[in-house]
Amino acid sequence: MSSNSKRTRRTLSEEFKRDAVNLIVSEGYSFRAVAEAVNVNENSLRNWHRRYTPEAEPCGPDATKEELRAELKRLRKNSNAAAHAQSSNEFSKPIPR
């Protein structure tokens, strides 16, 4: 790439983004697999996932064991992801002197 040429930024439709997120949510593909398949950055895909995935409804008092297990799994996954993001941010901050 020469110093005079500018890189053009792709504009992807909301439908494209929702379809990519749907591959993760409904089809069970990993972020990495979908990012490679649709040729986007994995972090962009994670941002779309946060934006387009609705919050899951909590289980009610009459929930089945399977529903409660699924809810617990979802909550643990969210908790682990938040802890990982926080620890990643801690390493990227400059050390005060």
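The values are calculated or read from the model by the stated rules, or taken from the named source; none is laboratory data. In this text the structure is predicted, and so the values were computed from the model without any measurement. Cβ: placed from backbone, ideal geometry, glycine included. Neighbour counts: every protein chain shown.
In table form, for the structure just shown:
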{"read-out": "Candidates Ala63, Ala35 - the one that is in the same structural domain as Lys77 (by TED's automatic domain parsing) and surrounded by 13 or more Cβ atoms within 10 Å (Cβ to Cβ)", "value": "Ala63"}
{"read-out": "Failed item, numbered, when Lys77 is tested on (1) at pLDDT below 80; (2) in contact with an Asp or Glu (Cβ under 9 Å, 6 or more places away or on another chain)", "value": "(2)"}
{"read-out": "Test for His84: is it assigned to a helix (DSSP H, G or I), at pLDDT 90 or above and within 20 Å of the chain's Cα centre (by Cα)", "value": "no"}
{"read-out": "Whichever residue in segment 1-33 is within 17 Å of Lys77 (Cβ to Cβ) and under 11 Å from the mean Cα position of the chain (by Cα) and, among such residues, is modelled with the lowest pLDDT", "value": "Val25"}
